[in-house]
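Before any comments, here is the structure.
What follows is calculated from the coordinates using simple rules that are stated; it is not laboratory data. No experiment lies behind these values; they were computed from the predicted model shown. Every residue, glycine as well, gets a Cβ built from its backbone with ideal geometry; the counts of neighbours run over all protein chains shown.
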Amino acid sequence: MSNPQIEIQLIAVVVAVACAIPGVFLVLRKMSLISDAISHSILPGLVLGFFITQDLNSPLLIILAAFTGIITVVLVEWIQKTGLVKEDTAIGLVFPALFSVGVILIAKNANDVHLDVDAVLLGELAFAPFDRLMVSGMDVGPKSLWMMGLILVITVTLLLLFFKELKISTFDVGLSSALGFSPAILHYGLMSISSVTVVGAFEAVGAILVVALMIAPAATSYLLTSNLKKMLVLSVLFGVFSAITGYWVAHWLDASIAGSISTMLGLVFLIVYLFAPSKGLIAVVYRQKQQQIEVSLLTFLLHLNNHTEENERHLNHLREHINWQKIKAKSVVDLAVRNNLIVINNQVVSLTEKGNDFTSIALDYIITNKDEKIEHLKDDFFLFRG
Amino acid sequence: MSEKIAIQVDDLTVAYNYKPVLWDIDLVVPEAVLMAIVGPNGAGKSTLIKSILGIIDPIAGSVSIYGKPYKKQRQLVAYVPQKGSVDWDFPTTALDVVMMGTYGTLGWIKRPGKKEKKASLEALEKVGMLSFKNRQISQLSGGQQQRVFLARALVQNASIYFMDEPFQGVDATTEIAIINILKELRKAGKTVVVVHHDLQTVPEYFDWVTFLNVKKIATGPVKDIFNDDNLTKTYGINYKVAVNK
Amino acid sequence: MSITEYFNMLFTDYTLGTITLGTAVLGAICGMLGSFAVLRKQSLLGDAISHAALPGIAVAFLITGAKDSNILLLGALVSGLIGTFWIHGMTKKTHLKSDTALGLVLSLFFGFGMLLLTFIQKQPNANQAGLDKYLFGQAATLVQSDVILMIVVTALALIVMLLFWKEFKILLFDADYTKTLGFNTKFIDITITFFIVLAIVLGLQTVGVVLMSAMLLAPAAAARQWTNRLSVMVFLAAIFGAFSGVFGTAISASQNNLSTGPVIVLVASVFVLFSFVFSPSRGILFRQLRFRRNRRDLKLKKTLQFMFGIAETHENISHPHAIKILNNFQGFAKTSLRALEEKEWITLDKQSWALTKKGFEEAQTMFDKKDDNE
């Protein structure tokens, strides 16, 4: 591995981590799309900032551009408040307009701006190592690595300092204001950090892929845990993993690094989405199917418990009233017979003693509606299935 | 009250995952009654109506309207949803909303014509909203919006009316106006089922009541079953608090 | 070429005419179907779909190697639809919220598309050059067959919309109720979504994947401000969309090196801004003016009430009182006295004022009026 290669991977990793942290809070606060809005609308700020500073890695430029991001948030909130359009439309109107201004500014000043439209979409990670930071004549590394590193340090410091406040205000806005943390300050604080991070990452990965770096790791880890700390750690890991593997895939295909990092993020998400133990698609579909059978069985038993009259317990009647298709009705009845919950005499179904006991426990749960009562039931169900 | 059965619900069960919402509900509602469904929050009152109307798919159970499955009898049923369920900023007028009540009989593709417009105007007049017919719906007050909803149901010219909390966020005048129309409907032999919150007004407004709390507690004439015993069974021992609220 | 030249050449130059017709038709269909997207609170779905279309274009190119835009658009349609259904599935089957699902599909599909696109660009294939236009759009690359396709799809969408107008409308307003009337809401829903995806795909060549969503939203959001009728809104949105398309293309064609997408979006945004400010019934300007006037009226009436309280104690209501005694009343100012005089509610004399009969009656009936408004 050559030196620039290591440096590129280092930058990619730092960007991924710096994006993953605010991303977790955006996903939990249902504000994922704000990252999309910010990442697009900082473009005019970035271009104008560049006219002033003539340096893409100047801190002033980053602050100017990040300020555009915050203006976007305020503008969106203001339009929402007028009630002229619905909330999502407000976001959808603001950022394309600002982004268009940015693209046109770049196109009209193509000779003065060292940004081209491709770089806006993809970043220029491959070129990042060429822009060196010189301290008193000594080369100390790529500028963007220092810049992103600084942003990461600030983000982590703020995260450690305000972890408790962020946690409370994310999960319970009412409680947090009752405890005296202003939700508005935390909100705009988070928005500011997100804006700064987006601007910093913009050069490396471009406007749209920074959204992937923010949302995808958080969404992936959210499918695996609901614990905030674990979520943060997992998101960082997913980000780092995708950054490094993404780099090598790009190297192998000779294609965009940023595109390949987000493709890796997508693959990781897809795998977790399908196979996550309890919240993944397969687990959910399987569980729903089981639940349906179990709840159907319960319904069936309760019905028998409810009605002592023979005609209500006749197999034909059941089919008609419970309104199940033949196959479903048969499988539920079979399940109940197999577990000795019912006996069938002359097409008339009755509960066994075991069935009676079970039903009364179930009834207890339904009437009290307390979750702890269902736990036994779930175990029992499990036995039936086996 | 005649002896004909308007609505018959058998073994209706609805659950989200393991959370039971409605369990094994059997319900028979005779023709030409004005029935309240009462129960605490989360008792499944709205769910009961919605699953009867096929908006929610039940796990088990069947519904028949005048002796035939609901799907074949849709034309006989009108529905007034909760006011919060629609987008009141939608670009449409009061008259337009009422005309929607005619869409069911028109079926696919056919457009409402003169006849439908006339019926809609009559319905608006009945609820006292004729002068607001061209008003954008967001510019109506809560009570006026509810009247428009009622007019939309009236234009369906159904035999059975389901209403989900029609008195929520409504001024006193509208409440009285609505209940008078409902009483008129009953007199004309229609059956009206209302999800209702205010226990105090039950004896005054309704002649039939169903107590619901996940399971059906009781159903029958108000004068026979609207008593402490059933209220306690439905709301727990503190039901008096609920009544006074 | 300047903009005026552009329009002068419009009727003589065949290519220019084709392009302009294409963008006008595109703007119209986007405005029309965008109205439905906006009213369904699916504004941002368009953004996700258009980005999700990119890998489809790239894959279609990789498979066929053809530059034929119809095949590429077919790829875009397929991958846009996959994105749409995945968003739907994600929100339904997992606890991820719709904003996260939208953001994921948008950025991940786009990232994958960019990976493929940069991969294609490195291939020694003579045909590859044309794919860039799908990022920000290049109306100049529209050819006759593209425009014919646009017209056919627009006509189809128009026919379907007119046929199912009543069904579309009622579903957008009140989905549950629609179900109770016996309509198959799933069918209506899928039809609307399908046409929205189709409109997006159609616009990719002209506006590009990055900004296509604005083409859908902006005309509709602008149109909404001018009317309270769905039909008028859809019609206006189509007009606004068509104008944005034509003007945007004209401006970008008259400049060097300028993609059409951003220009069209900016033109459409001007429509939105203008509508937000100047719409008579909903616009900010008139709303602010009404608000000011109401506040001023209220202030005047308060002053009048106060005067009424003083005048009442006197037998003759028009008895003059010193202006000085008003001093400890808040909200009193010289200008408000003059305004009251203009309304002939009081008469002023250097140091004193007196209620007129009209002013007295006005103050007296004020309370009754308030009750009416409740």
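Taking the number of Cβ atoms within 10 Å of each Cβ as an exposure proxy, the fewest-first ranking of B:ASP96, B:ASP207, A:ASP334, B:ASP10 is A:ASP334, B:ASP207, B:ASP10, B:ASP96. Rg and Dmax of the range C:213-264, based on Cα coordinates, read 12.6, 41 Å. At an R0 of 30 angstrom, the distance between the Cβ atoms of C:THR313 and C:LYS334 translates into a FRET efficiency of 0.80. The value given for chain C is a Kirkwood hydrodynamic radius of 24.4 Å, derived from the mean inverse Cα-Cα separation. Could you state, as a whole-number percent, how many of the C-alpha pairs of the range C:297-364 are farther apart than 15 Å? The calculated P(r) of the range C:297-364 puts 42 percent of pairs beyond 15 Å. Less than 5 angstrom separates the built amide H of A:GLY141 from those of A:LEU133, all sequence-distant by 5 or more or on a different chain. For the pair B:LYS183 and C:HIS88, label points projected 7 Å from Cα toward Cβ lie 4.8 nm apart. Applying 1/(1 + (r/R0)^6) with R0 = 30 Å to the Cβ-Cβ distance of C:THR191 and B:GLN168 gives a FRET efficiency near 0.35. Here the Kirkwood formula, the inverse mean of 1/r across different C-alpha pairs, assigns chain B a hydrodynamic radius of 18.6 Å. Over all Cα atoms in the range A:3-279, the spread is summed up by Rg and Dmax: 18.4, 57 Å. Computed over the range A:26-117, the alpha-carbon pair-distance distribution with 10 angstrom bins reads 17, 44, 28, 11, 0, each value a whole percent. Derived from the Cα gyration tensor, the three semi-axes of the equivalent ellipsoid of the range B:14-160 are 30, 19, 14 Å, largest first.
Label-to-label distance, B:ASN134 versus A:LEU315, with points set 7 angstrom from Cα along the beta-carbon direction: 6.8 nm.
Dipole check for chain B: with +1 at the C-beta of Lys and Arg, -1 at the C-beta of Asp and Glu, and the Cα centre as origin, the magnitude is about 860 Debye. Per residue of C:87-96, other chain Cβ atoms within 10 Å of the residue Cβ number 4 on average. A Förster radius of 51 Å combined with the Cβ-Cβ distance from C:VAL160 to A:GLU353 puts the calculated FRET efficiency at roughly 0.25.
For C:ILE346, the residues whose amide H sits under 5 Å from its own are C:GLU341, C:THR356, ignoring neighbours fewer than 5 places away on the same chain, with H placed 1.01 Å from N. Binning the alpha carbon pair distances of the range A:187-317 at 5 angstrom intervals from zero yields the distribution 2, 10, 13, 14, 13, 10, 7, 6, 5, 5, 4, 4, 4, 3, 1, 0, expressed in whole percent. Taking only the Cα atoms of the protein assembly as shown, the ratio Rg/Rh comes out at 1.02, with Rh defined as the Kirkwood radius. Our helix-only sum for the protein assembly as shown, with -39,500 (n - 2.57) per DSSP H run of n ≥ 4 divided by its residues, gives a mean residue ellipticity at 222 nm of -21500 deg cm²/dmol. Distance from the Cα centroid of the range C:226-248 to that of the range B:25-45 is 47 Å (rounded to whole angstrom). From least to most packed, judged by other beta carbons within 10 angstrom and beginning with the fewest, C:ARG290, B:ARG74 follow the order C:ARG290, B:ARG74.
Each of B:ARG135, C:ARG224 was scored by other Cβ atoms within 10 Å of its Cβ. Listed from fewest to most, they are B:ARG135, C:ARG224. Using the Karplus relation 6.51 cos²θ - 1.76 cosθ + 1.60 with θ = phi - 60°, the per-residue 3J(HN,Hα) values for the range B:41-55 come to 4, x, 7, x, 5, 5, 4, 4, 4, 5, 7, 5, 7, x, 6 Hz, with x marking Gly and Pro.
For the pair A:PHE171 and C:LYS324, label points projected 7 Å from Cα toward Cβ lie 6.8 nm apart.
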